[in-house]
Structures are given as structure tokens and as C-alpha cells.
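The values are calculated or read from the model by the stated rules, or taken from the named source; none is laboratory data. Computed from a predicted model, the values in this text were never measured in an experiment. Cβ sites come from the backbone with ideal geometry, for glycine too, and all protein chains shown count toward neighbours. What goes into the accessible areas is simple: the full protein's heavy atoms, side chains included, and nothing from ligands, DNA or RNA. Shrake-Rupley method; radii C 1.70, N 1.55, O 1.52, S 1.80 Å.
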Number of protein chains: 2
Amino acid sequence: MPTLADVAREAGVSKATASRAMMRPDMVAAPTLERVREAAQRLGFQPNRAARALTTGRTGLLGLIVPTLANPFFSPLVLGAQQAAEDTDSHLLLGVSEYDPEREAVLAERLGEQADGLVLVAPVGDDRTLRALARRRPVVLVDRRVGRLPAVVLDTASGTAELVHHLARLGHRDIAYLSGPPGSWADRERRSAGEEAAAAHDGRLHVRGPLPPTYDAGVAAARDLPPAATAVVAYNSYLALGLLHGLGAAGLRVPEDLSLAAADDLTALGATDPPVTALDVPVAEAGALAVSRVLQAGTRPAATTRLATRLQPRGSTTRPGHPD
Amino acid sequence: MPTLADVAREAGVSKATASRAMMRPDMVAAPTLERVREAAQRLGFQPNRAARALTTGRTGLLGLIVPTLANPFFSPLVLGAQQAAEDTDSHLLLGVSEYDPEREAVLAERLGEQADGLVLVAPVGDDRTLRALARRRPVVLVDRRVGRLPAVVLDTASGTAELVHHLARLGHRDIAYLSGPPGSWADRERRSAGEEAAAAHDGRLHVRGPLPPTYDAGVAAARDLPPAATAVVAYNSYLALGLLHGLGAAGLRVPEDLSLAAADDLTALGATDPPVTALDVPVAEAGALAVSRVLQAGTRPAATTRLATRLQPRGSTTRPGHPD
DNA sequence: ATGAAAGCGCTAACAT
DNA sequence: ATGTTAGCGCTTTCAT
């Protein structure tokens, strides 16, 4: 591996100038710059990251901690994060906590020590722990808020309200909500936003659950829907998918007998029969934004950004009491 | 952040001794060791990885490149890799290629520059590119073989043969094989192993496909099964799941009318109705093994390890012409 | 605009 | 068993 010294010699300049040519090209005369670049090119020079880190204190690494990968939410998230990292010439250090707060804390500690910052996606640790973590290095939370820590939030709460508005506009007043996992922050947000929206239309949100956010739970839920409900909003895609299936098995037609919508769209709900009205959630953007935020830590004031979801009205929602 | 010099001073020894206490505790007298450890503890000393990397040439980083995360194969794989990395105090640098050979090569180049080695999972690049990559740094392949490059292979080929043997023992002679994605190395291996196994029983493997390895393709495939076949082996779980559903829709019962098996078990095939006979694939072990292998590069001779799958006979396979 | 030199924190000969 | 010393490759004052 050629070093900067090699490049400098090859270009007939000092190491300092060669270094400047890479870091601050504006401080170097055009012809010199050219010569250094050519030399670097010719030798296939790659700056040694460790050496750079030692002097600058920045490693170019970013810790990304997720609770799991076995969930379609995290794949686009990671992709978005990767893109943003690439754009700033950084790399992602991955940690999977498996929803274990202790493991999460250990990973954060270990990765954080070596990274320029940490992105914690839907962290399971308690507020105190997260605050302590954030004191030691730049941290950006995704899909979780803790005091005024910088965070990127997917606004599925407003989205759920939109879903309810959409149903209310169609004429629904009694709407069931299939609640997500117990203790889930996102679920609480969606539910209360939905309740508020329903109330605004003199309607009511009948909550069922909490339920595990799985296909099977959705299937089972089909047998226990609030009798009054003419429409259902499911906490997520899996639940909606299972419900759609369970409803079919029970002889109920969607949307003729019951309208159905989901508060995310992570499993191609547009391809079911009928296609299911859902919320398009900008997950990749959230990943990208979180990464670029944590990289700019210090530069910008900490803040929480809510990323809006987009309502995708599809065939599964229609007027109540819809004739065939 | 306290440095080694601080620890040394606190313990009343030289930096060298302090360093040895961490790296080679056996070279330090017990009481000294004790003092250094206490000092480090007291100060909350964390070795600076960059500095260490600069002297040793080892970063403690490992590149892990996968084609996607949106596939249940990669989640346990990454978990296994993470565990092995943790055990050796290394960290994982993640790269997702999205099945793009060029992107894969770029990621490998960029991550590899900074990592002690690279684990390429089911890489999509051509042999030449992979060979070139492996010349520049330690590389371990997972689920792909290229010449004599070190590799960890999940032996679903033998597993598929076992599946066919299992069916043949039950009396099946005409077995359909739902082939996976075109050009897939794994698919070719499974198919030809299955053909061989069928031939060994004077049976025949009727190949359908190539097919995209998706649920939908499985559903569709239900309408185009070889008429003679009394059993079907699907390339993977998704195809099997879709097929199961498609068969049900077509009024065919499993296993009464048709036996069904899958060459992996990534989607809880044991929980369907009926549960589907499948291959339990040790994916996490593969990830862990690949990581520990690449870390020992140089120490051990390069080799390919085949990890055996385990046949899980379940309710979906029975004798042909089985009376209700 | 460029160069000389110091130093980031650590490890590894080499002495003792 | 421990200390001394010389870098690893880079960035960054500080001079010029």
C-alpha cells in the first residue's frame, strides 16, 4: 500500500501539500493539485483510515443499532442509511440487539467507542440509559423520542389519523383498531391519533389488542372484531394481511362487508386481492436522514424531524353497507 | 478519554508494561498486572482502536457483504456473524449490494480497505472479480464456490437429495422440482442433486421453472404441475408456501393428493397447515463460521466447509395415493 | 502557496 | 519482568 509520503515524493511536493490536496484542495495551487492527484491516481493511493482517525479523531464509522433484521422495516432503513453513509464517505458498523435492552446497551457502548456517532433504531432501552449514551457521543434516535434528544420519527400517528379521516369521509363511524405489541411506543401514538381522528368525526375507534404484530394474530383477530365496526385499521401490514385472510376464511368480503386499512405498507399490500389501503412510510429516507444528522452533530441544533407518511387509498376501503 | 500513558502513570509503570498487560498478560508479573488493571478500571480506559490499528495493521473490523436484507436467510446469518465477531472483539462493517455486481465490487473495495477481511455472502460478482478481491485481502465466501477460495457452503444440495430419498422411501417415483431463480448457483446444486437422488430410486425429477423464489410464483406454479408427479420439492420456503396456498385454492389436498417439501425452512414451515416437510438450514452457524474463518486467515489453510442440513419430516409428506 | 516538524495513542523490537 | 525508543501514516500548526 502506497502512503502519502509516496504520493508526495512522486508529485515532487511535501507530505503537507499532498495532504492538503486531499483535504483542502482550495488551499493548493491548481497545477500542484493536478500533479498530486495524478500521482495518487498512478500509485493507487488509499488514505490509511486509522492514521487519519488518529490525528483527526474521526473514524468515519457510524454505529447503526437495530432491534432485528427479521422485519421488512429494517431492510429499507439500512439501505437508506448506507446510502447516506456512502455520500459522506463513512461506513456502517452494524449491531443487532434482538430486542434485548442490555445487549443494546453493550452494543452501543462497544460500537460507539469506535464510531463518530450512533443511530439507534427503535431502541428498547429506557430513557435514562439512552440519555446517558447520548451524553458520551452524538446519537440520533429513529422511531423513538426521548426528551429532546435528536430523533427522526416516521409520522405514522398522523398517518393513522389520515386513515381514519379517509374512512370517516367514506361514511364509517365505528372503526376497529387492531393494536400492536404491548408497550410499543409507535402503537400508542397510532392508537391515540386514531382515536382523536375518529372523535373528530363523531365516530369511535374500537380497540382490539394489544396483539403481536404478526400474520397469525391477524388471522385470529378476524374472529373477534367489534360487531359494530364497519371498517378496520390494523397496526401494521402483517396484521392486515392475516386479517384479510382470516376474513376471507370467515366468509366476509373486503370491502363489501368490511373496509380494511393498514398503518404501514411494508409487505406489498398493493398486490393483495383486493389491494389494501395503507400508509406509504418513507423508511429509507428516515435511515438516510438519521445518518446525515448524526454526522452533522454539533453543527446543527438537535431536533426531532417527523417524516410524513402518504396515504395510499386502494380497493379495500369503500363506503359502509356497500351494495355488491 | 484517558490514554495508555495515563494508565501507566496511575499504575506506576511504563507504557510498554501497561500495553503488555492488555495484550500479553502472561508476560507481566501478577502484582503488576493487577495494578495496571485496577488503574485502567479506575480511569475507565478504553484503548484507542485507531492507534492500535496504526501499529498492528489490524483494524478489528470485518466487512460483511450481503445481497439484501429483505430475505429471512440473511437475518440469522448476520446474527451468527455478529456473535463470532463479538467473540473476537471485532466489529461488523455492513454492506448491502442489492444484487448489483458493480455495487458489490465497490463495497468490497471500500470496506475491504478498512477491514481485516471480507465475508461475501452469496456474492453475485463473477469468478474473476471475486478472485481479484481475494488476492488483496482475506476473503471467505458463503453459499458460493469459486475455485479454491475459502468458503462456507450450506449443503442444501445433499439436503435436497435427502428430501428426494425421503419421498422415494414413501413410494414416490415422479417428483416435481420447482426450480429457483435463473442462474442461481444454489438452485443448480439442489436440482442436480435431486435428479441424481431420484434416478437412484428409478424415479424421475420433473423440473418446473426457473421461477422467482416468491410466494406468488408458488401460487401460480400450482396450476402447472407435471401431471405425473405425486410429490413436489420446492426450491425454497416462499415457493412452498405459495404452492401450498395455490394447491388449496385448486382443491388439491396436501398430503392426500400431493406431498410437498421445501429445500429450506426460513419461514416457519412447521407452523403451516399441514406443517411442511423441510430442510433445517444452519444459517447462523454459517455466518459465525465464515467470520471466524476470515479472522484466522493465514493461520489455517483455505478450505471449503459444507454445513449439513437436517431433514425435518412433517405432515405434508406421506405415501402416494394415500387414502383419506 | 508550500514546507518542516510535531504529535495523535499505541505496539514491538531491543535493551537491561 | 520491565523500561526505552522508534515508528505506524496522517493532519496541522507554525514558519517561510
Evaluation of residue B:106 against (1) touching a residue at least 60 places away in the same chain (Cβ under 8 Å); (2) over 27 Å from residue B:210 (Cα atoms); (3) not charged (D, E, K, R) (one fails), failing number:
(1)
If a residue has to be more than 14 Å from chain A (Cβ to nearest Cβ), open to solvent by less than 40 Å² (accessible area, probe 1.4 Å) and not in a strand (DSSP E or B) to count, how many in the range B:106-146 make the cut?
9
Residues in the range B:27-34: is at least one of a type in the set (Gly, Ala, Ser), more than 30 Å from residue A:267 (Cα to Cα) and in contact with a Gly (Cβ under 9 Å, 6 or more places away or on another chain)?
no
Do any residues in the range A:31-58 that are more than 18 Å from residue B:52 (Cβ to Cβ) have Cβ atoms under 6 Å from those of residues that are outside any loop (DSSP other than H, G, I, E, B) and more than 8 Å from DNA strand D (Cβ to nearest atom), where the two are at least six apart or on different chains, and which pairs are they?
A:33/A:21; A:33/A:25; A:35/A:11; A:36/A:11; A:36/A:21; A:39/A:10; A:39/A:11; A:46/B:113
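Give the range B:82-95 a look and list any residue that's among the aliphatic types (A, V, I, L, M) and away from every other protein chain (no Cβ under 11 Å), or say none. Please lay out each step first, then the result.
Quick first cut of the range B:82-95, residues among the aliphatic types (A, V, I, L, M) only: B:84-85, B:92-94.
Residue satisfying the conditions is B:84 alone.
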State all residues of the range B:255-288 that are within 14 Å of chain A (Cβ to nearest Cβ) and either among the polar types (S, T, N, Q) or touching a residue at least 60 places away in the same chain (Cβ under 8 Å) (or both); if no residue qualifies, say none.
B:266, B:267, B:272, B:283, B:284, B:287, B:288
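Residues that are under 21 Å from residue B:91 (Cα atoms), more than 12 Å from the chain's Cα centre (by Cα), in the same structural domain as residue A:290 (by TED's automatic domain parsing) and not β-branched (Val, Ile, Thr): does the range A:73-81 have at least one? Break it down into steps so the answer makes sense when it comes.
We begin by selecting, within the range A:73-81, every residue under 21 Å from residue B:91 (Cα atoms); these are A:74-75, A:77-81.
Within this subset, residues satisfying the condition of being more than 12 Å from the chain's Cα centre (by Cα) are none.
Looking through the range A:73-81, none of the residues is under 21 Å from residue B:91 (Cα atoms), more than 12 Å from the chain's Cα centre (by Cα), in the same structural domain as residue A:290 (by TED's automatic domain parsing) and not β-branched (Val, Ile, Thr).
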All but one of (1) facing another protein chain (nearest Cβ under 10 Å); (2) surrounded by 15 or more Cβ atoms within 10 Å (Cβ to Cβ) hold for residue B:56, so report the exception by its number.
(2)
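Mind counting the residues in the range A:219-231 that are away from chain B (no Cβ under 14 Å), surrounded by 15 or more Cβ atoms within 10 Å (Cβ to Cβ), without any contact (Cβ under 8 Å) to a residue 60 or more places away in the chain and outside any loop (DSSP other than H, G, I, E, B)? Before you say what the answer is, go through the steps one by one.
Initially, the range A:219-231 is screened for residues away from chain B (no Cβ under 14 Å), giving A:221-231.
Filter again for surrounded by 15 or more Cβ atoms within 10 Å (Cβ to Cβ), leaving A:221-222, A:225-226, A:229-231.
Subsequent filtering for residues that are without any contact (Cβ under 8 Å) to a residue 60 or more places away in the chain retains A:221-222, A:225-226, A:229.
From the residues that got through so far, the ones that are outside any loop (DSSP other than H, G, I, E, B) too are A:221-222.
Qualifying residue count for the region: 2.
Just checking, which of A:64, A:79 is of a type in the set (A, V, I, L, M, F, W, C), facing another protein chain (nearest Cβ under 8 Å), closer than 19 Å to residue B:65 by Cα and open to solvent by less than 40 Å² (accessible area, probe 1.4 Å)?
Details: A:79 fails: open to solvent by less than 40 Å² (accessible area, probe 1.4 Å).
Just one listed residue meets the conditions, A:64.
Which count do you get for residues in the range A:36-53 that are over 30 Å from residue A:122 (Cβ atoms), within 16 Å of DNA strand D (Cβ to nearest atom) and open to solvent by 20 Å² or more (accessible area, probe 1.4 Å)?
The initial filter retains those residues of the range A:36-53 that are over 30 Å from residue A:122 (Cβ atoms), namely A:36-48, A:50-52.
Next, only the ones that are within 16 Å of DNA strand D (Cβ to nearest atom) stay: A:36-37, A:39-48, A:50-52.
Now restrict to residues that are open to solvent by 20 Å² or more (accessible area, probe 1.4 Å): A:37, A:41-48, A:51-52.
Within the range A:36-53, residues that are over 30 Å from residue A:122 (Cβ atoms), within 16 Å of DNA strand D (Cβ to nearest atom) and open to solvent by 20 Å² or more (accessible area, probe 1.4 Å) number 11.
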Which members of the range B:51-62 meet the condition of being under 15 Å from residue A:110 (Cβ atoms) and more than 6 Å from DNA strand C (Cβ to nearest atom)?
B:59, B:60, B:61, B:62
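Answer yes or no: is there a residue in the range B:94-101 that is of a type in the set (Asp, Glu), in a helix (DSSP H, G or I) and on the phi < 0 side of the Ramachandran plot. It would help to see each step written out before you state the result.
At the first step, the residues of the range B:94-101 found to be of a type in the set (Asp, Glu) are B:98, B:100.
Filter again for in a helix (DSSP H, G or I), leaving none.
The answer is no, given that none of the residues of the range B:94-101 is of a type in the set (Asp, Glu), in a helix (DSSP H, G or I) and on the phi < 0 side of the Ramachandran plot.
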Please work out which one of (1) outside the structural domain of residue B:141 (by TED's automatic domain parsing); (2) out of contact with any helix residue (DSSP H, G or I) (no Cβ under 6 Å at 6 or more places or on another chain) is the condition residue B:263 fails and give its number.
(2)
Flag if residue B:26 is surrounded by fewer than 16 Cβ atoms within 10 Å (Cβ to Cβ) and either within 16 Å of DNA strand D (Cβ to nearest atom) or of a type in the set (A, V, I, L, M) (or both)
yes
Quickly run through the range A:293-307 and pick out the residues that are closer than 19 Å to residue A:131 by Cα and of a type in the set (A, V, I, L, M).
A:294, A:295, A:297, A:302, A:303
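Identify the residue in the range B:16-28 that is free of Cβ contacts under 8 Å to residues at least 12 places away in the same chain and either in a helix (DSSP H, G or I) or acidic (Asp, Glu) (or both) and, among all such residues, is nearest to DNA strand C (Cβ to nearest atom). Lay out the reasoning, then the answer.
From the range B:16-28, those free of Cβ contacts under 8 Å to residues at least 12 places away in the same chain are B:16, B:20, B:23-28; that's our starting set.
Remaining after also requiring either in a helix (DSSP H, G or I) or acidic (Asp, Glu) (or both): B:16, B:20, B:23, B:25-27.
Numbers: B:16: 3, B:20: 7, B:23: 5, B:25: 12, B:26: 13, B:27: 9 Å.
That would be B:16.
Determine, yes or no, whether residue B:9 is over 32 Å from the mean Cα position of the chain (by Cα), in a helix (DSSP H, G or I) and not assigned by TED's automatic domain parsing to the domain that holds residue B:136. Quick ask: steps written out before the conclusion?
Values: over 32 Å from the mean Cα position of the chain (by Cα): yes; in a helix (DSSP H, G or I): yes; not assigned by TED's automatic domain parsing to the domain that holds residue B:136: yes.
Answer is yes for this residue.
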Count of residues meeting criterion [open to solvent by less than 60 Å² (accessible area, probe 1.4 Å), assigned to a loop (DSSP other than H, G, I, E, B) and of a type in the set (A, V, I, L, M, F, W, C)] in the range B:265-324
4
Which numbered condition residue B:98 misses (of (1) touching a residue at least 24 places away in the same chain (Cβ under 8 Å); (2) surrounded by fewer than 20 Cβ atoms within 10 Å (Cβ to Cβ); (3) away from DNA strand C (no atom under 13 Å from the Cβ); (4) away from chain A (no Cβ under 13 Å))
(4)
Before we move on, is residue B:259 farther than 17 Å from residue B:313 by Cα, open to solvent by less than 60 Å² (accessible area, probe 1.4 Å) and either among the aromatic types (Phe, Trp, Tyr) or modelled with pLDDT of 95 or more (or both)?
no
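What do you reckon, is residue B:13 more than 8 Å from DNA strand C (Cβ to nearest atom), more than 11 Å from chain A (Cβ to nearest Cβ), at pLDDT 95 or above and over 30 Å from residue A:116 (Cβ atoms)?
Working: more than 8 Å from DNA strand C (Cβ to nearest atom): yes; more than 11 Å from chain A (Cβ to nearest Cβ): yes; at pLDDT 95 or above: yes; over 30 Å from residue A:116 (Cβ atoms): yes.
Taking the combined requirement at face value, the residue satisfies it.
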Looking only at the range A:1-23, count every residue that is more than 7 Å from DNA strand D (Cβ to nearest atom) and either open to solvent by 70 Å² or more (accessible area, probe 1.4 Å) or polar (S, T, N, Q) (or both) and tell me the total.
4
